Amino acid sequence: MFTTAIFDVDGTILDTEEPILHALQKTLKEELGLEYKKEALFFSLGIPGRETLNRLQIQDVESIQAAWEENILSFVKDIKVFEQMDVVMKQLANKNIKMGIVTSKTNEQMINEFEPYGLNDYFSEIITASHTEKHKPHPDPLLACINQLAVEKEKAIYIGDSIYDLQCAKSAGVAFALALWGSKTQKGFEEADYVLEQPSDFVKLF
């Protein structure tokens, strides 16, 4: 029986794919004159922005990341909470399920892109890319969250939409539920313990 639910944010709680990718495309074009098709940037979903820019071999990571974050704010109106997700939070809270977040967003990004939706109070612990030296797919962020929640990892389940989320959970020895509404595919997620077609399916695991 699971007693603890730990959530990814982008692609799991929030539908942020289009804003993040459009902002990255805009930043790379305006700042560096580089044009990328959206499909070529899908790898950036689920990892910290700094890691994305390193993989793109960007030299001035700090300034480009700052410009990217600024551009995301111009698309913030396009970010929305996935349908049913607020109901899921209420139902889990009513079951006295402990809830946490492990995200590749930074503290500042969480303030700008997550706090406006009024969901923070559901979570006893929020681990961002600002809290650990190593990030997903490394297990450290998830283990840090479990440690702060003071729960047994065998009683926790991590829900996410990216391969980095799956790898993080498996490395930490934690059960993983695939948020199919965010991933849109089961390919590459054969190791997932659960595949959820809609947010309401998550509640059934408790």
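The values are calculated or read from the model by the stated rules, or taken from the named source; none is laboratory data. Quick caveat, the model's predicted, so the values are computed rather than measured. Cβ atoms come from the backbone with ideal geometry, glycine included; neighbour counts cover every protein chain shown. To get the accessible areas, we keep the full protein, side chains included, count just its heavy atoms, and leave off ligands, DNA and RNA. Shrake-Rupley method; radii C 1.70, N 1.55, O 1.52, S 1.80 Å.
Things worth noting here:
Rundown of residues vs (1) under 14 Å from residue 6 (Cβ atoms); (2) of a type in the set (D, E, K, R), yes/no style:
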position: 120; (1), (2): no, no
position: 126; (1), (2): yes, no
position: 129; (1), (2): no, no
position: 140; (1), (2): yes, yes
position: 143; (1), (2): yes, no
position: 151; (1), (2): yes, no
position: 182; (1), (2): no, no
position: 195; (1), (2): no, no
position: 198; (1), (2): no, no
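- Taken over the range 1-23, residues that are part of a helix (DSSP H, G or I) and touching a Cys at 6+ places or on another chain (Cβ under 7 Å) amount to 0.
- The residues in the range 85-108 that are without any contact (Cβ under 8 Å) to a residue 60 or more places away in the chain and either crowded, with 20+ Cβ neighbours inside 10 Å or under 12 Å from residue 8 (Cα atoms) (or both) can be counted, and the count is 1.
- In the range 193-206, the residues that are under 11 Å from residue 91 (Cα atoms) form Cβ pairs under 7 Å with partners that are exposed (fewer than 14 other Cβ atoms within 10 Å of the Cβ), at six or more places apart or across chains, as follows: 206/95.
- Residues of the range 142-164 include at least one that is part of a loop (DSSP other than H, G, I, E, B), of a type in the set (A, V, I, L, M, F, W, C) and surrounded by fewer than 22 Cβ atoms within 10 Å (Cβ to Cβ).
- Residue check for residue 190: part of a loop (DSSP other than H, G, I, E, B), acidic (Asp, Glu) and under 22 Å from residue 53 (Cα atoms): no
- Checking 47, 6 one by one, the residue that is in contact with a Ser or Thr (Cβ under 8 Å, 6 or more places away or on another chain) and either open to solvent by 60 Å² or more (accessible area, probe 1.4 Å) or touching a residue at least 12 places away in the same chain (Cβ under 8 Å) (or both) is 47 and no other.
- Among the residues of the range 128-141, the one identified as surrounded by fewer than 20 Cβ atoms within 10 Å (Cβ to Cβ) and part of a helix (DSSP H, G or I) is 140.
- Taken over the range 50-69, the criterion of being over 22 Å from the mean Cα position of the chain (by Cα), closer than 25 Å to residue 167 by Cβ and open to solvent by 20 Å² or more (accessible area, probe 1.4 Å) is satisfied by 57 alone.
Residues checked against (1) in contact with a Phe, Trp or Tyr (Cβ under 9 Å, 6 or more places away or on another chain); (2) under 25 Å from residue 43 (Cα atoms); (3) aromatic (Phe, Trp, Tyr):
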position: 110; (1), (2), (3): no, yes, no
position: 114; (1), (2), (3): no, yes, yes
position: 118; (1), (2), (3): no, no, no
position: 124; (1), (2), (3): no, no, no
position: 134; (1), (2), (3): no, yes, no
position: 158; (1), (2), (3): yes, yes, yes
position: 168; (1), (2), (3): yes, yes, no
position: 175; (1), (2), (3): yes, yes, no
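- Filter result (touching a strand residue (DSSP E or B) at 6+ places or on another chain (Cβ under 9 Å), of a type in the set (A, V, I, L, M, F, W, C) and over 19 Å from residue 97 (Cα atoms)) within the range 143-168: 166, 168
- Of all the listed residues (82, 42), the sole one being under 20 Å from the mean Cα position of the chain (by Cα), open to solvent by 20 Å² or more (accessible area, probe 1.4 Å) and closer than 24 Å to residue 174 by Cβ is 82.
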